[in-house]
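Chemist: Encoded as structure tokens, here's the structure I'll be asking about.
A short reminder: the numbers here are calculations on the coordinates, not readings from a lab. In this text the structure is predicted, and so the values were computed from the model without any measurement. Because the Cβ atoms are built from the backbone with ideal geometry, glycine has one as well, and the counts that use them run over all protein chains shown.
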2 protein chains.
Amino acid sequence: MGSNGDDNLSLDSIRQTLIGLEDTIVFSLIERSKFHLNSPAYHNASFPGFTSSFIDRFVQGVESVQAQCGRYQCPEEVPFFPNDLPPSLIRGRNRSQELPPAAASVNVNKNIWGFYLNKFLPLLAAKGDDGNYALSVSADLVCLQAISRRIHYGKYVAEVKFRSDVEGYSAAIRANDTVTLMNLLTDEKVEAMVKQRVAKKATVFGQDVTLSDTNNATDFKVDPALVSRLYDEWVIPLTKDVEVEYLLRRLD
Amino acid sequence: MGSNGDDNLSLDSIRQTLIGLEDTIVFSLIERSKFHLNSPAYHNASFPGFTSSFIDRFVQGVESVQAQCGRYQCPEEVPFFPNDLPPSLIRGRNRSQELPPAAASVNVNKNIWGFYLNKFLPLLAAKGDDGNYALSVSADLVCLQAISRRIHYGKYVAEVKFRSDVEGYSAAIRANDTVTLMNLLTDEKVEAMVKQRVAKKATVFGQDVTLSDTNNATDFKVDPALVSRLYDEWVIPLTKDVEVEYLLRRLD
């Protein structure tokens, strides 16, 4: 299963994909941090003739092309503007059947969009306006899609966990008991490790690599603590929301 | 000048941008290497109803959106499908006037497209077909745009070198003497350093980062020698082609 052509729905293969997506996310944040905040790109009516914001228009346009190219034919790829998307023009390997139909309806992208633009981006990008709006929102979309993919991978995580304890989960699902579900899904030790690891990745990938051997970097392109916080405040909780939402519909 | 809001046309600021783009390129290659080669995405008539290849269609579609959003209003951003692009809908900071008009007409993207798809990609991606066409070509476009940006930055490099020796360059330009121009532009020591550095970046950014301290990685996501070769065979020579082409038109 999953994006890497591995058809084995196992916790280990899912774990490998999630770890790989940590790299993707850190890379994408480093790329976005090269530009200033560029606020006009995010507000309605910054540009004459635009009825929505610049980033809305950009993301809608690119998502249309990607939809025609079949991007949203798998459970972990979810559009930010799902309305009015054109159908796929190709029949690639349609992976939407890999999970029960419950998977298709789980989409927390509104929350991702909201926290990324309103809370996270002002912490990531330096204040100011360098005029590179197209490059900035293009970099934003890479960040948003990587984060969304990571979070919606929770559908697979939930499915595997469900299969490992069908009775326990089914009882909680039937009782609509989200507290028990959340407890079953939470592993604080693993979460702490993930937060530590993504911070470490920010130090490794965000250093200035030079040919000299003495590298005592203390200055990183993206603050490691901010990457850890991204996971702590948003990525991990939203992944668990996806897992719970998915499970609540799992027996329908 | 340049994408980072720095208005100072100096060799040092250009050098910083080029070094930053090395990171961007290595990140993008690592991301593309997560998918198989996926050949059907690159051949005409793989999909019913398509008159061009899947990647052509994808890149044309995304470039249209990016053109409307003003991406190509600066000298180092050059489209792969320049025909029939819609005009920009916004007036951001139009940076196309930063360099003499000569800059606008220099575009080696055909060569970049050719070497990337026909020679480089089969070395980068594992053989096989995982069905993730939309994600693969999306990752390709990130690679292609990063490489293209790096190479077309040669316009700035050439301008700064020209200004540092107006007489020497002008004589060679008037004589249409590309050999002398190429010699003036070539610094083998710097080129050797760049090739070494990008290989090192591939080892740093392409390692599996874990929480344990003992990291004796010998297995990297992208072969460091391949990244070095990318620069040796294609990026550096094409950058110099851009520089020469730019200079030959510099006095027009």
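Chemist: What shape does chain B have by the C-alpha gyration tensor, where a ≥ b ≥ c are the square roots of the eigenvalues, rounded means a/c under 1.5, and otherwise prolate means a/b greater than b/c and oblate the rest? Don't skip to the answer; put the middle values down first.
Modeler: Details: a/c = 1.83, a/b = 1.26, b/c = 1.45.
Oblate is the answer for chain B, as a/c is 1.5 or above yet b/c matches or exceeds a/b.
Chemist: Cα axis of helix A:133-152 to longest principal axis of chain A: angle in degrees, 0 to 90, nearest 10?
Modeler: 20
Chemist: While we're here: Tell me the angle of helix A:54-68 to the major Cα principal axis of chain A, expressed in degrees between 0 and 90 and rounded to the nearest ten.
Modeler: Taking the Cα atoms of chain A, the angle to A:54-68 is about 50 degrees.
Chemist: What residue in chain A has the Cβ closest to the axis turning A into B, and how close is it in whole Å?
Modeler: Closest Cβ to the A-to-B rotation axis, residue and whole-Å distance: A:27, 2.
Chemist: Tell me which of B:202, B:186, B:152 sits at the most positive position along the dipole axis of segment B:152-219, charges placed on C-beta atoms (Lys, Arg +1; Asp, Glu -1).
Modeler: Positive-most Cα among the choices belongs to B:152.
Chemist: Say a label goes 7 Å from Cα toward Cβ at residue B:10 in every copy; what distances in nm does this one have to the rest, shortest first?
Modeler: 5.6
Chemist: So, R0 is 35 Å and r is the distance between the beta-carbons of residue A:104 and residue B:105; what FRET efficiency does that work out to, to 0.05?
Modeler: 0.10
Chemist: Taking 18 Å as the cut-off for C-alpha to C-alpha distance, list the pairs among A:189/A:240; B:127/B:221; A:34/B:221; B:34/B:221 that go past it. Let's see the in-between values first.
Modeler: Numbers: A:189/A:240 15 Å; B:127/B:221 15 Å; A:34/B:221 24 Å; B:34/B:221 8 Å.
Correct reply: A:34/B:221.
Chemist: Rounded to a whole number, what is D in µm²/s for the protein assembly as shown from Stokes-Einstein with the Kirkwood radius over alpha-carbon pairs (10 °C, 1.306 mPa s)? Could the numbers behind the result be given before it?
Modeler: Details: Rh = 24.0 Å.
Once the numbers are plugged in, D ends up at 66 µm²/s.
Chemist: Once amide H atoms are built 1.01 Å from N in the peptide plane, which residues 5 or more positions from residue B:36, or in another chain, come under 5 Å H to H?
Modeler: B:130
Chemist: Counting partner chain Cβ atoms within 10 Å of every residue's Cβ in B:188-200, what's the average?
Modeler: Mean number of neighbouring Cβ atoms from other chains: 1.
Chemist: Right, another one. Apply the Karplus curve 6.51 cos²θ - 1.76 cosθ + 1.60, θ = phi - 60°, to the phi angles in segment A:206-213 and return the couplings in whole Hz, x for Gly and Pro.
Modeler: For segment A:206-213, the Karplus curve yields x, 8, 7, 8, 10, 7, 6, 7 Hz.
Chemist: Given axes a ≥ b ≥ c from the Cα gyration tensor, I'd like to know whether segment A:195-252 is rounded (a/c under 1.5), prolate (a/b larger than b/c) or oblate.
Modeler: Judged from the Cα gyration tensor, segment A:195-252 comes out prolate (a/c at least 1.5, a/b above b/c).
Chemist: Also, quick follow-up: How shielded is B:54-61 by partner chains, expressed as the average number of their Cβ atoms within 10 Å of its Cβ atoms?
Modeler: Average per residue, whole number: 3.
Chemist: Continuing with this model, one more query. What are the ³J(HN,Hα) couplings of segment B:191-205, residue after residue, when phi is run through the Karplus curve with 6.51, -1.76, 1.60 and θ = phi - 60°? Round to Hz, x for glycine and proline.
Modeler: 4, 4, 5, 4, 4, 5, 5, 5, 5, 4, 4, 5, 6, 6, 7
Chemist: Here's another thing I want to ask about it. Could you run the Karplus curve 6.51 cos²θ - 1.76 cosθ + 1.60 with θ = phi - 60° over segment B:117-127 and give me ³J(HN,Hα) per residue in whole Hz, x for Gly and Pro?
Modeler: 6, 8, 10, 7, 4, x, 7, 7, 9, 5, 4
Chemist: Now for a separate question. What are the distances, in nm and sorted shortest first, from the label point of residue A:218 to the label points of the same position in each other copy, with each label point placed 7 Å from Cα along the Cα-to-Cβ direction?
Modeler: So the label point of residue A:218 gives 3.5 nm to the other copies.
Chemist: Among rounded, prolate and oblate, which fits segment B:150-252 when a ≥ b ≥ c are the square roots of the eigenvalues of its C-alpha gyration tensor, a/c under 1.5 means rounded, and a/b larger than b/c means prolate?
Modeler: prolate
Chemist: Using the 7 Å Cα-to-Cβ label point, sort the distances from residue B:49 to its equivalents in the other copies shortest first and give them in nm to one decimal.
Modeler: 3.0
Chemist: Could you pull the Cα extents of segment A:86-193 along its three principal axes, largest to smallest, in whole Å?
Modeler: 56, 40, 24
Chemist: Okay, next question. Could you tell me the center-to-center distance, by alpha carbons, between segment A:189-231 and segment A:19-47 in angstrom?
Modeler: 18
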